[in-house]
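Everything on this sheet refers to the single structure shown next.
Where a number appears in this text, it was derived from the coordinates with a stated rule and is not lab data. Everything numeric in this text was worked out from a predicted model, so none of it was measured. Cβ atoms come from the backbone with ideal geometry, glycine included; neighbour counts cover every protein chain shown.
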Amino acid sequence: MSSKMWGGRFGEGTGALMEAYSESVSYDRRMYRQDVAGSKAHARMLAKRGVLASDEAERIVAGLDQVLDEIEVGAFPWRVEFEDVHMNVEQRLTELIGPLGGKLHTGRSRNDQVALDFRLYVAESLETWARLACDLIGVFVKRAEEHKATLLPGCTHLQPAQPVSLAQHLLAYAWMLKRDCERMDDALRRVKVSPLGAAALAGTTYPLDPGMVARSVGFSHAFANSMDAVSDRDFVLEALFCASVVMAHLSRFCEEIILWANPRFGYVALPDAYATGSSIMPQKKNPDAAELMRGRVGRVYGDLVSLLTVVKGLPLTYNRDLQEDKEPFFDADDTVRASLRVMAGMLGELAFRPERMREALAQGFLNATELADYLAARGVPFREAHHITGRAVAYAEAAGKPLEQLTLEELRVFFPAMDQDVFEALRYETAVARRNGPGGTGPESVTTQMAELLKWLQKR
Ligand code: ARG
């Protein structure tokens with residue numbers, strides 16, 4: 001006869017190949033804390049509802065605590081023949097407290113059990129990601145504070161466009177990460193719904209109290225439909241989407257760090273701790289941390305697409321395919337946690353080079369818009385002002401000079417009413433300082449943004 005927990009109807013044991021193919025304990029043991037917590041909540045609820053005697057529930061809870069201890073000190077006998085974390089825990093419980101351990105699974109199926117464990121796990125991950133994202137927002141705001149007066153070329157199409165403050169540029173990422181946190185908070189509302197009580201798929205005949213289990217594991221409420229409860233994996237998909245977007249955001253900044261660290265830009269010097277050398281070219285200092293992070297986005301997108309594909313076309317309710325939800329999530333979880341931490345460390349130590357940014361500013365006619373605005377303020381229709389400025393830029397380019405180094409006489413060739421005050425308008429600092437409208441790159445706007453972000457961080 002089969003020795004499996006579910007082996008009553010089986011004449012023979014599982015083949016070795018099949019055992020290796022189907023086991024999940026090698027990775028789902030990561031959910032041991034959640035499995036024990038869910039089982040304790042279930043046992044207590046069974047006692048409350050009179051399905052178990054209260055001393056039985058107490059002995060089960062004590063046994064589960066002992067299991068937890070064994071796992072935490074590394075003394076737990078994980079066994080592949082018991083397939084997954086759930087059956088390993090239950091088996092050990094029964095070894096510790098005797099046949100009473102077998103009563104724990106009353107009114108429960110692994111289908112609702114695994115859904116609860118995984119929801120608990122995903123909820124903790126989302127909370128951790130949001131916390132780490134907040135830490136990173138704090139670093140962005142701190143570096144922005146230091147660089148309110150540092151100007152660099154803002155780009156569109158990766159071409160120099162208009163001067164911006166480095167603070168404004170960095171705060172753009174802080175706002176992206178704030179949205180990421182809010183997205184995670186929102187996803188959490190749908191993760192924190194307990195499926196326990198759905199049993200295999202149809203609910204149970206026992207007088208369970210699913211709401212009590214939900215509250216005791218810190219969730220807001222219990223499932224509304226048992227078939228949905230055991231087969232829904234939207235909560236994982238949403239978390240993987242949150243992971244994908246935050247990784248996309250990180251990868252955009254990675255790309256900028258990589259560009260900025262190139263000597264042609266030279267806007268940043270990489271901290272030694274986050275760069276590596278070349279085994280053949282002694283002069284090299286490579287932005288490996290940023291490159292790896294940019295590359296790892298691919299894994300996280302893959303994790304999302306992988307689970308979307310698993311779920312597609314699955315008939316109700318639980319199907320073993322759903323066991324394939326865990327590895328993609330664990331992979332994304334590891335990647336997001338590590339990436340947020342590495343980025344916070346790297347950004348904290350990045351040495352910005354304001355003088356190199358300043359040199360770049362003077363090379364790209366980034367004050368051309370200012371000249372057009374100057375003319376428009378003197379009554380020239382903007383389209384014409386744009387045209388006049390274009391001619392002045394062509395002239396300056398041929399002369400190998402930035403606009404601000406043309407003489408007033410040279411400028412007057414293009415617009416006779418040009419005055420000495422044009423040079424004030426052409427200053428890069430002026431261009432930035434004048435953009436104090438809401439959300440603009442001007443210093444007042446930047447100060448307001450930082451205050452808003454800090455206030456938001458404090459409230460969390
Ligand atoms: N290890 C399984 C999983 O992760 C647990 C649920 C198994 N349920 C079943 N009916 N075989 O999906």
FRET E, pair TRP175, THR430, Förster distance 30 Å, beta-carbon r, rounded to 0.05: 0.75
Can you put TRP175, TRP129, TRP78 in order of Cβ neighbours within 10 angstrom, beginning with the fewest? TRP78, TRP175, TRP129
What nm value, rounded to one decimal, do you get for the distance between ARG215 and MET18 when each label is placed 7 Å out toward the C-beta? 4.5
Segment HIS105-ILE280, extension gain: residue separation times 0.36 nm, minus the distance between their alpha carbons: 56.9 nm
Relative contact order (%) - criterion: Cα under 8 Å, at least six apart; region: the chain: 15
Using only the alpha carbons of the chain, what is the convex hull's orientation-averaged projected area in square nanometres? 29.8
Anisotropy class of the stretch 298-377 from Cα gyration tensor, a/c 1.5 cut: oblate
Could you list which residues have their amide H under 5 Å from that of LEU151, counting only those 5 or more apart in sequence or on another chain, with H placed in the peptide plane? LEU166
Taking the simple approach of a point 7 Å from Cα along Cα-to-Cβ for both ALA269 and GLN159, what is their distance in nm? 3.4
Once both labels are modelled 7 Å past Cα along the beta-carbon direction, what's the GLU58-GLU359 spacing in nm? 7.7
State log₁₀ I(q)/I(0) for the stretch 201-331 at q = 0.11, 0.13, 0.19 Å⁻¹ as given by the Debye formula over alpha-carbon point scatterers of equal weight, solvent excluded. -0.61, -0.73, -1.08
Where Rh is the Kirkwood radius over the Cα pairs of the stretch 298-435, the temperature 10 °C and the viscosity 1.306 mPa s, what D in µm²/s does Stokes-Einstein return? 79
Other-chain or far-sequence residues with amide H under 5 Å of TYR318's (modelled H): none
Using a 10 Å cut-off around each Cβ, can you sort HIS249, HIS387, HIS86 from fewest to most neighbouring Cβ atoms? HIS387, HIS249, HIS86
So, over other residues within a Cβ distance under 13 Å of LYS142, counting Lys, Arg +1 and Asp, Glu -1, the net charge is -2
Would you kindly work out the equivalent ellipsoid of the stretch 129-208 from its C-alpha gyration tensor and give its semi-axes, the square roots of five times the eigenvalues, largest first in whole Å? 47, 14, 6
Normalised per residue, the volume inside the convex hull of the alpha-carbon atoms of the stretch 31-92 in Å³ amounts to 71
Please compute the length gained on full extension between TYR27 and LYS48, using 0.36 nm multiplied by the number of residues separating them and subtracting their Cα-Cα distance. 4.2 nm
Just how many % of Cα pairs in the stretch 55-146 lie over 16 Å apart, if you round to the nearest whole percent? 67
Summing +1 for each Lys or Arg and -1 for each Asp or Glu, what net charge is found among the other residues whose Cβ lies under 12 Å from the Cβ of LEU237? -2
How far, in nm, would the chain grow between LEU96 and LYS142 when pulled straight, counting 0.36 nm per residue and subtracting the alpha carbon separation? 11.2 nm
Where does the charge balance sit around VAL80 when Lys and Arg score +1, Asp and Glu -1, over other residues with C-beta under 15 Å from its C-beta? -2
